[in-house]
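Right, one structure below, let's go through it.
The values are calculated or read from the model by the stated rules, or taken from the named source; none is laboratory data. These figures come from a predicted structure and were not determined experimentally. Cβ: placed from backbone, ideal geometry, glycine included. Neighbour counts: every protein chain shown.
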Amino acid sequence: MNPLRSRLPAVGTTIFTVMSRLAAEVGAINLSQGFPDFDCDPALIEAVARHMREGRNQYAPMPGVLALRNAIAAMYRSAHDRSYDPETEITITSGATEAIFAAVMALVHPGDEVIVLEPCYDSYVPSIVLSGGVPIAVPLRYPEYSVDWGAVRAAITARTRLLLINTPHNPTGSVLSAADLRTLADIVDGTEVIVLADEVYQHIIFDGLTHESLARYDALAARGIVVGSFGKTYHATGWKVGYAAAPAALTAELRKVHQFVTFSTTTPMQHAIAEFLGTERGLAEISPFFQAKRDRFLDLMQGSRFLPLPSHGSYFQLMDYSAISDEADADFAIRLTREHGVAAIPTSPFLMRSAAPKVLRFCFAKKEETLMAAADRLKGV
């Protein structure tokens, strides 16, 4: 008997690590992994340093620093007219990925079904598998990546425990509308399905659209968990500070897992983010800032053989490469990195049952000079 029996036998190193490592090895411009190549606000760094100097360097409370939970509660009251109790309904986690993992592990029992809308972020399915759940993939409609709500309704069974949504969406940049959320509320009405909403790009939304948080809708908020990320909001992905907001009963179960995964999240960062969030510093500027980067990247790519697909949120742009190559997306991404010096992410790692279209994901959260250099190389492909 082999004593080493993998819990995730089909899982290797994440595509983000693979492509970033390859980019570093060959000296390519890295538009693959989703992080900015510019720094966060110097005042935020100074706030962290100040809290360190003032001695806030020990464990934070397991649910998170209360000042930050209060600031999150105030943000949801202001932005979405939703009242979350900071004491019992908001939990600070070590990144949004931990919040998602803790929620899935807390709520999904062996044999429970969990619906994901694919392509979906690559941590969802492994979390479901580790919990003993059964992932049920419902494909988004290509090329606009809209939700086929009829297919979602048909996928729900007596065994469905959880349904994951993501808006703005990674990797596609699609955004759910108010009509989408109302339809979802109607679909889960009368069921015991819990909705987990990954909303980490909520402050990065374009073209005059509004972020339709699950928290805006009474019926969904009552059975839902909203996950957010300050790494995305404040250009500090390496700090790994996220959160989950949910009714007290769901929060209590999530915290049971959270306390044994990370217990608590880095203390001085929480205090510093609480200050910034409390003043809403920079929040209104985030969407225009990234829309300008999206538009600039698209302008720079004019004249290339890549065809952009619509991106209405996040900091990702999908590009159709079918006019360039018939290669599978992972093969083309590797060749693009090695031969042309630009790293991107294929969409196949985000898929369970669907065939991968000939598109790659490019991250445009980069400096002007990075985007210019990358586009110059890509126009030569």
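Just a few scattered comments:
- Some residue of the range 233-256 being closer than 25 Å to residue 292 by Cα, in contact with a helix residue (DSSP H, G or I) (Cβ under 7 Å, 6 or more places away or on another chain), crowded, with 17+ Cβ neighbours inside 10 Å and among the polar types (S, T, N, Q): yes
- Restricting attention to the range 87-110, the residues that are in a loop (DSSP other than H, G, I, E, B) and over 28 Å from residue 146 (Cα atoms) total 6.
- Test: residue 76 is surrounded by 14 or more Cβ atoms within 10 Å (Cβ to Cβ) and part of a helix (DSSP H, G or I): yes
- Residue 361 within 24 Å of the chain's Cα centre (by Cα), crowded, with 18+ Cβ neighbours inside 10 Å and outside any loop (DSSP other than H, G, I, E, B): yes
- Given (1) in a helix (DSSP H, G or I); (2) surrounded by 14 or more Cβ atoms within 10 Å (Cβ to Cβ); (3) at pLDDT below 95, index of the condition residue 35 fails: (1)
- In the range 345-357 there is at least one residue that is more than 24 Å from residue 209 (Cβ to Cβ), within 21 Å of the chain's Cα centre (by Cα) and in a helix (DSSP H, G or I).
- Candidates in the range 174-213 are the residues that are among the polar types (S, T, N, Q) and either more than 19 Å from residue 228 (Cβ to Cβ) or not assigned by TED's automatic domain parsing to the domain that holds residue 146 (or both); of these, the one that is surrounded by the fewest Cβ atoms within 10 Å (Cβ to Cβ) is 191.
- Test: residue 300 is buried (at least 16 other Cβ atoms within 10 Å of the Cβ), not assigned by TED's automatic domain parsing to the domain that holds residue 206 and not in a strand (DSSP E or B): yes
- Only one of the listed residues (24, 28, 47) is exposed (fewer than 13 other Cβ atoms within 10 Å of the Cβ) and at negative phi. That residue is 24.
Residue-by-condition table, conditions (1) farther than 23 Å from residue 289 by Cβ; (2) out of contact with any strand residue (DSSP E or B) (no Cβ under 6 Å at 6 or more places or on another chain):
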site	(1), (2)
11	yes, yes
21	yes, yes
30	no, no
40	no, yes
52	yes, yes
58	yes, yes
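- Residue check, residue 256 over 20 Å from the mean Cα position of the chain (by Cα) and not β-branched (Val, Ile, Thr): yes
- A single entry from 135, 171 fulfils the requirement of being in contact with a strand residue (DSSP E or B) (Cβ under 6 Å, 6 or more places away or on another chain) and either closer than 19 Å to residue 225 by Cα or assigned to a helix (DSSP H, G or I) (or both): 135.
- Of the listed requirements (1) buried (at least 17 other Cβ atoms within 10 Å of the Cβ); (2) assigned to a loop (DSSP other than H, G, I, E, B), residue 116 misses just one: (2).
- Test: residue in the range 227-246 that is over 20 Å from the mean Cα position of the chain (by Cα), assigned by TED's automatic domain parsing to the domain that holds residue 103 and under 30 Å from residue 49 (Cβ atoms): no
- Subset of the range 141-168 [part of a strand (DSSP E or B), more than 12 Å from residue 313 (Cα to Cα) and within 22 Å of the chain's Cα centre (by Cα)]: 141, 146, 161, 162, 163, 164, 165
- So residue 322, is it within 27 Å of residue 138 (Cα to Cα), in a loop (DSSP other than H, G, I, E, B) and modelled with pLDDT of 95 or more: yes
- In summary, residue 122 fulfils each of the numbered conditions (1) assigned to a loop (DSSP other than H, G, I, E, B); (2) crowded, with 20+ Cβ neighbours inside 10 Å; (3) modelled with pLDDT under 95 with the single exception of condition (2).
- Taking the criterion of being in a loop (DSSP other than H, G, I, E, B) and without any contact (Cβ under 8 Å) to a residue 40 or more places away in the chain, the residues of the range 1-32 that qualify are 1, 2, 3, 4, 5, 6, 9, 10, 12, 13.
- Annotation note: Cβ proximity below 9 Å between a residue of the range 57-78 that is at positive phi and a residue that is of a type in the set (S, T, N, Q) (sequence gap 6+ or interchain) occurs for 64/91; 64/93; 64/264; 64/265; 64/270.
- Selection status of residue 176, closer than 25 Å to residue 137 by Cα and not in a strand (DSSP E or B): yes
- Per the listing 97, 17, 91, the residue uniquely loosely packed, with under 13 Cβ neighbours inside 10 Å, under 20 Å from the mean Cα position of the chain (by Cα) and among the hydroxyl-bearing types (Ser, Thr, Tyr) is 17.
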